[in-house]
Each structure stands twice: as structure tokens, then as C-alpha cells.
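The values are calculated or read from the model by the stated rules, or taken from the named source; none is laboratory data. In this text the structure is predicted, and so the values were computed from the model without any measurement. Cβ placement follows ideal geometry from the backbone for every residue including glycine, while neighbour counts extend to all protein chains displayed.
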Amino acid sequence: MKKRTSRNPDPAESAPSPSAPPASASLDGLFRPRSVAVIGASRRRGTIGRELLHNLLEGDFQGKVFPVNPKADVIHSMKSYPSVLSITDEVDMAVVVVPRDEVLQAVEDCGRKGVKGVVVLSSGFREIGAEGIERERKLLAILRRYGMRMIGPNCMGIINAEPGYSMNATFSPTPPVGGSIAFMSQSGAMGAAILNHAKSLGLGISMFASMGNKADVSGNDLLLYLEDDPGTSLFLLYLESFGNPRNFTRVARRITRKKPILVVKAGRTAEGAAAAVSHTGAMAGADVAVEALLGQCGVLRADSIEDLFDMAMAFTFQPLPTGPRVALLTDAGGPAIMAADTVKAAGLKLARFSEATKARLRDGLSPDASVANPVDMLGHSGGEDYARCLRIILEDEGVDGVITLYVPPVMHDPISVAGSIFEAARGSTKPVLCVFMARDEVLNAVLKMEGQKLPIFRFPESAVKAMGAMARYRTLRDRPVDETPVLDVDREAAARVFAAAASGNREHLALEEARAVFEAYGIRFAKSRVAKTRAGLGAAAEAVGYPLVMKILSPDISHKTEVGGVATDLRTKEELLAAWDGMMDRAKAIEPRPRIEGVLLQEMRRGAQEMILGVTTDPTFGPLLMAGIGGVLVEVAADVAFRVHPITPSDAAEMVAGLRGARLLQGFRGRKPLCVEAYRDALLRLDRLVADFEGIVELDINPFMVGETAGDCVAVDARMRIDPTKF
């Protein structure tokens, strides 16, 4: 069988050709060069070629720099060369800033020179349409021929802020501050904004890359390159598209066990899947796959650039909390209330102080102060109060992290208060985040204080969300490593069913065909028989046993209940015949009249919870698996969870546990707990099924009845659509 690939792979993330060097091992020529040529360097101020050359020099690049411009002998007081081929020294990396029609020749010259890496800032490639796509294809061919790697085209450059390199090969007006954050941006404009905002917050970077079209080096390549880089402790990504989600899943799952990855993904909305046949397809919106993929990889998603930097400050300056219990320390009730209101939504909970902690807090505070959580010291409190109370709270074993909230009163110097908080938090193994609801000039002064290593936020909600992200990452990082489940399946039996459908060029499998496939993969169905005629009802009913459920069989009817095509709790032959007659009369009234193939008689199941299992195919991400509360209200309740194939046992468990209706499976109001393990097992078996057969387009098992034991868990109804050309 053919290996599964993304349905519409993004050429920007497509794997390099076999002649290309390994992705991660070959990027030193780009990010750690000892010599850089600027092809398109310019004397004219304000041009990209001039500003990029200026940034290399002003940034104190620790290697050689060679301006290349055939129309100038000297640029920026440096000898200029007519071509990279005329440079007598070795050139490790070249930045190409020439008109699009000159790019191919410039890169060809780089290959002949032995340049290891090129950064192509020039635009006019895939982003402009067919002509640009062809130009980009030729550019890639040159790279492959010479074994070079490339960032771009259509980007703003790269930065390595390591002291041994200090390379700013961008035209950004903001010089970088060295640090431990790796930034990757798919947008040049967003990249410039990110660098500027990072500097204003005191966030230093280790590496920066504006990816542009990602024609060669992808975000996955950069993650691999920096995975074990000792100078990088945190990844920030601005993404507009995914190219190879499978590679990202594999790489990100591993990296997030060592370093956090924070992502802003643009493009949350798109047209719905109007043509979807299954419930799963209808409910898989444009952003569902992204949300699922990031979650199962342990990647944290920010809702905005502002949220991204709020999270980055917390991760950069503070240790991770060991749990979700947070304490709030404030001098004003309003901000504390706002923070408390956000705690639950952020996945946190308010810590409960010990009686000893409360007694220590009360000693020294006004009688009117509150020593419960939140701790409200009242508006006259100053730096000494904050420092004393913060130390006491941090010593409480029931506290995992603290958020201090400060509204400067007129009687205290806010800078002094900030210093007291910073000093009290110094050396703490628990995170401390600070909210300063002050004027801009005060806030800026606090941010610039010497030795300031605490995250500073303007508003309570931002700090709480950042603390929640840290707690969630700690949980994701420390989750156990899954073992691949061993599943007993009959692939050959399923293949025969698919082959028969494909030979007739049929997209939709009949219920009995779908049932045969699912049972070949270990998903049991309720006992049933098909009756094609009224006369055959009696024998079919005897084979199954009363009480019964009757369902109309028609390839033209997707939702049977909407046309009166389901009858339940049938206990006698008379009820059975009456149900048949009514069902057939209703079917005759439907226009256009549907094809009727008989009815399905199934055993009536009681005391079980109706769930749904499903798969749909995303054009970029491939198969998406769905779990949720099932039955006739599945689309109304919309209580479902998605994950991108392949899933692990932990993914399956998280899908089920994350449902709003998860309590229905756990037992409540006297009901016994249901066999959730059998439901999770069915999810893993569907995952194996779509791994074995890439021609599956979408499917539903609805309802899947979850009972008290594994033997009580059975599928009742199912639909499946395939692509016959792939069997």
C-alpha cells in the first residue's frame, strides 16, 4: 500500500529531495558562519541592502563581511566585489538582496563559490502565482545541485545573538538583545514587530528567523536544529500555515518534553465543511485540526501576539509551578476579584492557606485586611508589607505560585515597592508574577529596573493566563511516555471489503460492509439482522431476539430519525409489522423518493451511554479522529474532541476526559461507572484503521453504546465514505 502523505502538501514544508543534506546538521552554514557576503549591498541609506550591511557591522558580527555590488568599488568604507565569485576568501553564508530576475544567477554563483547557506530576502516567487512558482522551483534545483540550504525567499533575514557570532543579518531597525529565546516568524512584518516588542520587555533572543516562503528550510528544520542547543530554552513561533504536520507532530512531541514551544497561529476561521456527509466532517471546522495538533504535541497556543509575550515573560523569568494552586496578593480588592474570576478558566485553582500561614499574615496587617486567598492588604500597604506577606505565602506547602497585584497609591513610591517584591521573590523555587496597574512611565521604569527578573503585567487576567500556561506545560511535559498499543486486527478482511466497493466505483459503503470493516478491526456491533421484505421480518426478529430496534436502510437517507426511519423498543411481531408499514409509508412521501433496501433489526440496548466515534480528512493535516457524546443530539450538543492521526493512548484518554459530558461515563446519582477503557480502545482501533487504509475519507460510528463492562460496549450504527481510486 502507498505511504500516506498530506493530501495537499505545502511545498514550503515538503521534504528536501534525496540529494539534499540532512535538515538539522546542515544549518551551521546559515546560523554560525565565519564569513558573510551581502549580494546586493548598497551605498544608499534606507535601502534593504544598505540597512542589512549596516546591521551586520553595528551588531559586531564576529566574522568577515563582504559587500557585493558590481556598480560600486567601496560600500560603507569596505571594499566591494562585483560578484561573490571574485571574493578570494571563503564565504560561508550569503544574503541575497537583488531584484527577483537576478536571484537565480546570484545563487548559482554562490553554489560555484562553495557557499554553504543563502538567505534570500528578494520577493517575486511562489507568493505571486504561477510565474513565481516556476522561479522558486528553479531556485530549489540550484540549491539541490550544490548542496546548499536556504532561508526564504521573501523574508527579512536571520539573527544569531550568541556572543561568538553576534550576527544580525536582517534589515530590522531594532537591534536584538541576547538571550535564550528562539523566534521563528512566517511573516517578515510580524518578525520586525516581535523583535521590537521583545526588546521593550527585556526578552533576549538566541536565534531569530524570518521564514518567508519556507521553500527549503522549514520551521521543523529549525526546531530540530535548536532542539539541543544549550543557548535556547524557549521557542516562540508565529505561523500562518502548516506544511508537514506529521513531521511537526513527531518533532514537537519530543522537544516539548525538554523546552516549551509557544505558538501564535493566524487564520482561525474559514468556510465550513458544507459538503461533509458525516457528523465528524460537519463538525471539523477550519481551526479544529490546528488546535488538536498543538494540544497533543504539548505545544501551547497563544490567542494573540500580546498573549504570546505574556507567556514568554513568565517562562523566561520564572520557574515552573509544580501544580495549579495559585495565591493572590494585592493592595486593592478589584484587581484581585478580576484575577480570581480568571483562575478557573486558566486551569488553575485558588490555593488554600494553612492556619499557620493565615496567623502569620494577620500579624502585622490591618484588622480590616483579608488573609484568606486572595490576600488583600488594603491600599495603604507598602513595600515592606508586600515583601513580608510574599515570603510567608511562598513558604506555604499548599501554594504552587503567587501573583502579586499592585495599584500604586499616592503615599508610596511604586519603584520602591517593586524593588521590595523583586527582592522577596529572589531565589524562590515557586513562580512569582507581578501585576502593576500603573501609568506608562511608572510601568516602563519598573521594566527597566536593574536586576528585574520578574514578569510584569498591566492587567490581572494576563498574569493569570500566563501562570495557567506554565502549569499546563508542566503537566504536558511530565506526562508519561506512551507505548505503542498492540492491536489484533484482520487487515486482509477489511481490504477485501474495500476492494469490492472500489471495483464498483462506490464511495459509500453499505452498513453491512462498514460493519464488516469495523469488526475486522475489533470494534463489535450490536447483534442484528437485515430484513429486505416485510415477509422476512419474523425470521430476522427471531434471530436477534426481542426487544428490537428497527432502522430503515437506504443509501439516500443519511439521518434516519429525521424521516421517521427509526423505531425502538419493539416487543412483538405485531409491533414489528406496524413499524414496517409506517416506515415505508413515510419513505414513499419523500421527494425524490429514496431507494429502500429493507430494514435493519438490532437488539435493544438499555443502561448504556450513547457516544460517537468518527474520522474525517483534513486537506493539510490528514485524518482527524473525533470522540464525543453521541446519539441524535450530537450536532446540537457539539460535545466533541478532535486529535490528528496518529494518536497515542494518552491522546485517547485526554479526548474522553476533556468532554463536558465526561461525568456521564464516570457514574453519578447512583449509576455505576461505565467501561471507558473499551471506548478508548475503539478510538485507537480507528486510528489503526486509517493508518492501514489511506483511502478512507470519513466515517462515523454513532451511536457507540458504552456499558458497564467491555462486553456491553457495542457499535449500533455506522457510515463510511472512501476514495475508490486509492484501493
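Computed quantities for the displayed model
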{"read-out": "Residues that are buried (at least 23 other Cβ atoms within 10 Å of the Cβ), under 23 Å from SER304 (Cα atoms) and not aliphatic (A, V, I, L, M), drawn from segment 209-237", "value": "SER210, GLY212, ASN213, LYS214, SER218, GLY219, ASN220, PHE235"}
{"read-out": "Members of segment 485-500 that are aliphatic (A, V, I, L, M) and over 33 Å from the mean Cα position of the chain (by Cα)", "value": "ALA493, ALA495, VAL497, ALA499, ALA500"}
{"read-out": "Residue, modelled with the lowest pLDDT, within segment 171-217, restricted to residues that are at negative phi and among the charged types (D, E, K, R)", "value": "LYS199"}
{"read-out": "Helices (runs of 4 or more DSSP H) enclosed by segment 611-727 - at least 1 residues per element that are buried (at least 22 other Cβ atoms within 10 Å of the Cβ)", "value": "634-637, 649-657, 676-692"}
{"read-out": "Qualifying residue in segment 412-435 (condition: surrounded by 19 or more Cβ atoms within 10 Å (Cβ to Cβ), closer than 23 Å to LYS465 by Cα, out of contact with any Gly (no Cβ under 9 Å at 6 or more places or on another chain) and not small (Gly, Ala, Ser))", "value": "yes"}
{"read-out": "Which listed residue, of GLY179, GLY191, GLY164, is out of contact with any helix residue (DSSP H, G or I) (no Cβ under 7 Å at 6 or more places or on another chain) and assigned to a loop (DSSP other than H, G, I, E, B)", "value": "GLY164"}
{"read-out": "Some residue of segment 127-142 being under 19 Å from TYR238 (Cβ atoms) and of a type outside the set (D, E, K, R)", "value": "no"}
{"read-out": "Members of segment 256-311 that are in a loop (DSSP other than H, G, I, E, B) and either modelled with pLDDT of 85 or more or surrounded by 23 or more Cβ atoms within 10 Å (Cβ to Cβ) (or both)", "value": "THR256, ARG257, LYS258, LYS259, PRO260, SER278, ALA284, GLY298, VAL299, ASP303, SER304"}
{"read-out": "Hits in segment 351-374 - residues which are among the aliphatic types (A, V, I, L, M) and in contact with a helix residue (DSSP H, G or I) (Cβ under 6 Å, 6 or more places away or on another chain)", "value": "LEU361, VAL371"}
{"read-out": "Residue check for MET449: among the hydrophobic types (A, V, I, L, M, F, W, C), part of a loop (DSSP other than H, G, I, E, B), out of contact with any helix residue (DSSP H, G or I) (no Cβ under 8 Å at 6 or more places or on another chain) and assigned by TED's automatic domain parsing to the domain that holds ALA339", "value": "no"}
{"read-out": "Among residues of segment 555-580, those that are modelled with pLDDT of 90 or more, more than 18 Å from ALA539 (Cβ to Cβ) and not hydrophobic (A, V, I, L, M, F, W, C), counted", "value": "4"}
{"read-out": "Where a residue in segment 36-49 is without any contact (Cβ under 8 Å) to a residue 12 or more places away in the chain and its partner, wherever it lies, is of a type in the set (D, E, K, R), with Cβ under 7 Å and at least six apart", "value": "ARG44/ARG50"}
{"read-out": "Evaluation of ALA345 against (1) under 15 Å from GLN318 (Cβ atoms); (2) under 33 Å from the mean Cα position of the chain (by Cα) (one fails), failing number", "value": "(1)"}
{"read-out": "Segment 123-148, residues that are of a type in the set (Asp, Glu) and either exposed (fewer than 13 other Cβ atoms within 10 Å of the Cβ) or over 17 Å from GLN105 (Cβ atoms) (or both)", "value": "GLU127, GLU131, GLU134"}
{"read-out": "Residues (in contact (Cβ under 8 Å) with a residue 60 or more places away in the chain and part of a loop (DSSP other than H, G, I, E, B)) located in segment 149-161", "value": "GLY152, PRO153"}
{"read-out": "Matching option when the condition is within 15 Å of MET470 (Cβ to Cβ) and either hydrophobic (A, V, I, L, M, F, W, C) or outside any helix (DSSP H, G or I) (or both), among ALA387, ALA356, ALA340, ALA314", "value": "ALA314"}
